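The values are calculated or read from the model by the stated rules, or taken from the named source; none is laboratory data. Just so we're clear, the structure is a prediction, and the values are computed from it rather than from any experiment. Glycine also receives a Cβ, built like all others from the backbone with ideal geometry; neighbour counts cover every protein chain displayed. Side chains included, ligands, DNA and RNA excluded: accessible areas come from the protein's heavy atoms. Shrake-Rupley method; radii C 1.70, N 1.55, O 1.52, S 1.80 Å.
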Amino acid sequence: MLGRLRRGRRTIRPRRHIKPAFAQPCTPIRRDERNDVALETGRTRLLISGTVLILGFAVVGVRLVNIALFQDALEPRAAHAPHASELRMGRADIVDRNGEILATTLQTASLFANPRKILDADEAAHLLVSALPGLREVEIAAKLKSNRGFVWLKRNLSPRQQWDIIKLGIPGVEFQSAETRVYPHGPLAAHVLGYVDIDNKGLAGVEKSFDTALRSNAAPIALTMDVRLQHLLRIELMAAMSTHRAIGATGIILDARHGDVMAMTSLPDFDPNAQGRASDNQRFNRATLGVYELGSTFKIFTTAMALDYGVVSMEDGYDATKPIRVSRFTIRDYHAKKRWLSVPEIFMYSSNIGSAKMARDVGGDAQREFLSQLGLLSPAPIELPEVGTPLTPKPWRPINTMTIGYGHGLAVSPLQLAVGVSSVVNGGILNRPTLIHRQPESEVSNPPPRGDRVMSEETSQDLRRLMRLVVAKGTGGKAAAPGYLVGGKTGTAEKARRQGYNRRSLISSFVGAFPMTDPRYVVLVVLDEPQGTTKTHGFATGGWVAAPVVSRIVEHAAPLLGVGPTDEQAPAVLRQLDIKLKPEGRRLASY
Amino acid sequence: MKAFAAAVYVCLASVTGFALFHITYKVEQLEAQLSQLNKEILLEQNTVHVLKAEWSFLSRPERIDELSRKMLPGLHPLQTRQIGDLDSLPTRDIDFGGVGGVQQSAAPLAPYRPVSARSGSARTASTRSVSPQATE
């Protein structure tokens, strides 16, 4: 353009718009000053605007190349290309310690119809009912004949049902997908898992306490539970509950060394897949939320405390001839021996009198401190929202000290008791109970927290002997599982009424540990208001109703837990668990 | 010469243009393929997810318990006396029958240790000499 301008300066061409018909011989145009100035102005203007335009186009061009080649060229496509990374559900899975799925989220389809598009409502209804037998043909036909544009037919179909309906090929019937929380094991671990509401928001159990983590992480949460043990515990408890017509039952299997809750069940339970239909009684977690006066199992703590503080030794004893009368209370023995009893005998025959005197000699303040160290005076630190606060006496009078000595007047949750007993038998270390499984590979970099020492190893060793004695020769004989050296303590508590205690309604329990030479697992079984049967001669005490359950659980759980049978009569075992009873105690009494 | 240069330029331009379009279409095609594959992978993952849940449902201990009761009436829960360890196994005299002319030693591989867990009978067995049948 500029070149032509330059040329135009030298030769003035004939103007093109002059038509050839009128063409005249060219006459040189007279150059005058005015034309020159005008031309010069035009040229300069063109030059300037041309430069500006070229610069503009250059900028646009550079930017174009920059965007097309150098800036994240894939960016605009990311929106419509699905990534093939891990499948992400709205809520992560919950698995057991072996990776077995306990809770998962599934895409489910809900069936709806547009009645205006339905050609033959009766036929469509007939076909739908053939695929979904749960529906009623009359209702469906009525819905399909209505004049609306949208009717729900059935929510949350299984993939198979959905496929069946697709195969029917009914026009006007469509699906809407949504996410549903599914618990494949049904009621198995209902109280630990909890449940979610219709928007998949955790309302109870682990679902609630880990709600945020389950929503934000894709990785599943692994629990310390083992479905096999959980099943075992649950069926044994259910059997005991129906045999003894109990109104409730709870059981816990606890790893004594690490505080892992291997199994925990509370009966009656419910199906979290249909939690809306569960009653409050079914939802109630008796293992962690319920607090009970658990009775004689507390003698484990009383004896440990007295031995650890040096108030008594294994050779000492108390006179249990007569019931103790303190103001308006009378403390008497259930298995009364009416004579002087040594400490092992008090434990073995579960003497209330002896334990009360032992607790009195230790004193209220020391007792309170000891129990609080064992975590029995504060809510259990477990990862569940349903945790019961223990009921402690206020003020803590001497009579309370004595009754707590044999497990009345202080209500704790079964879990607290199991944790306390695990620290007594494991060598004196209190471990925080946990439901969250620590992956073995993280163990190296992130070792598990060490628990606090709550009593000396010697005391723990003495208690192991005492607990073994109870099963070998005392009130807990029915808990024996040959080969596994079960030790434990029976407990039978009368339920508190508005006025005093009810002799008819009992809380019968047994807390056991095995193998007693080096306890690895604690098993607790509690039955709420069991009734005696002819087989138990009408007794409904812990030794008769709860101990046999522990025996069966230990026998079947030990192989799963990797605990092999040992020779109960081996000299080393006998020496370790040997205990000296006073001469008077040689006469071995059962119940 | 001028015409030749022009022809070369036109050739180059058309080759470049063709290559450009070819590559563009190829990329688009690959992208569509990728997106299709990704969709399929997601679908498969979803299927695997559902199958896992179904497996968990079908393998729940309650059901296995019921099925084994029904289908395997001869199978009973493991009893303590059925569990043993290597040490409780008696050693057996092994005679290789002198294969290749080498007579193997007939001595037991490890000393026999009785299991007193099997109480009385095992005790008496231990006082007897090494016997391959031992205990039970």
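Things to note:
- Inter-residue pairs, beta-carbon under 9 Å, first within 18 Å of A:I429 (Cα to Cα) and in region A:363-380, second among the basic types (K, R) and part of a helix (DSSP H, G or I), 6+ apart: A:L377/A:R368
- Top-ranked residue in region A:215-229 [being in a helix (DSSP H, G or I) and closer than 25 Å to A:N200 by Cα; ranked as nearest to the chain's Cα centre (by Cα)]: A:V227
- Residue identified as open to solvent by 10 Å² or more (accessible area, probe 1.4 Å) and out of contact with any Lys or Arg (no Cβ under 9 Å at 6 or more places or on another chain) among A:I235, A:I253: A:I235
- Scanning region A:395-408 turns up one or more residues that are basic (K, R) and part of a loop (DSSP other than H, G, I, E, B).
For every residue, the table says whether it meets (1) outside any strand (DSSP E or B); (2) more than 19 Å from the chain's Cα centre (by Cα).
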{"residue": "A:R97", "(1), (2)": "yes, no"}
{"residue": "A:A103", "(1), (2)": "no, no"}
{"residue": "A:L106", "(1), (2)": "no, yes"}
{"residue": "A:A124", "(1), (2)": "yes, yes"}
{"residue": "A:A142", "(1), (2)": "yes, yes"}
{"residue": "A:A189", "(1), (2)": "yes, no"}
{"residue": "A:V192", "(1), (2)": "yes, no"}
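- Some residue of region A:192-200 being of a type in the set (S, T, Y) and either within 14 Å of another protein chain (Cβ to nearest Cβ) or in contact (Cβ under 8 Å) with a residue 40 or more places away in the chain (or both): yes
- Elements of type strands (runs of 3 or more DSSP E) in region A:449-556, at least 2 residues being open to solvent by 10 Å² or more (accessible area, probe 1.4 Å), farther than 25 Å from A:A304 by Cβ and touching an Asp or Glu at 6+ places or on another chain (Cβ under 6 Å): A:501-514
- Yes/no for A:L153 being assigned to a strand (DSSP E or B) and either in contact with a Leu (Cβ under 8 Å, 6 or more places away or on another chain) or modelled with pLDDT under 85 (or both): yes
- Residues that are closer than 24 Å to A:A481 by Cα, more than 11 Å from chain A (Cβ to nearest Cβ) and outside any loop (DSSP other than H, G, I, E, B), drawn from region B:69-85: B:R69
- Qualifying residue in region A:418-436 (condition: under 27 Å from the mean Cα position of the chain (by Cα), modelled with pLDDT of 90 or more, of a type in the set (A, V, I, L, M) and part of a loop (DSSP other than H, G, I, E, B)): yes
- Selection within region A:491-539 - of a type in the set (G, A, S) and at negative phi: A:G491, A:A493, A:A496, A:S505, A:S508, A:S509, A:G512, A:A513, A:G532
- Test: residue in region A:108-116 that is within 14 Å of another protein chain (Cβ to nearest Cβ), at pLDDT below 85 and part of a strand (DSSP E or B): yes
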